[in-house]
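Here's the structure, in structure tokens; my notes come after.
Values quoted throughout were computed directly from the atomic coordinates according to the rules given, and no laboratory measurement underlies them. Everything numeric here is computed off the predicted structure, so don't read it as measured data. Cβ placement follows ideal geometry from the backbone for every residue including glycine, while neighbour counts extend to all protein chains displayed.
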Amino acid sequence: MKVLLNHPVRELDIPGPKRVKDLLQELALLPESVLVVRGDDLVTEDDTLRDNDRVEIRPVMSGGQGKSGRLGGRRVGRV
């Protein structure tokens with residue numbers, strides 16, 4: 001299968017079939033830190049990837065509130 005990694009950008013050829021969780025373990029990636037996408041579909045750790053699949057592994061991005069305590073233009077926090 002073709003595996004596109006996005007941080008840093010690189011493409012690997014990895015033989016399948018292989019479960020997503022086994023692929024992530026082989027690449028030393030924490031399942032909680034990435035999203036695995038096959039085509040337009042997000043796949044789970046228990047999904048099986050085939051030899052002819054093309055998958056993209058994207059890092060999970062998270063944001064937070066700024067110093068103002070506002071998120072999306074609205075005040076957040078306790079009222």
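Rounded if a/c is under 1.5, else prolate if a/b beats b/c, else oblate: with a ≥ b ≥ c from the C-alpha gyration tensor eigenvalues square-rooted, which is the range 2-61? Don't jump to the answer; show the numbers that get you there.
Values: a/c = 1.33, a/b = 1.19, b/c = 1.11.
Since a/c stays below 1.5, the shape of the range 2-61 is classed as rounded.
Just grab the label-to-label distance for residue 11 and residue 44, each label 7 Å out from Cα along the Cβ direction, in nm (one decimal).
3.0 nm
Subtracting the Cα-Cα distance from 0.36 nm times the residue separation, let me have the gained length for residue 61 to residue 4 in nm, one decimal.
Working: separation 57, 0.36 × 57 = 20.52 nm, distance 1.71 nm.
Full-extension gain reported as 18.8 nm.
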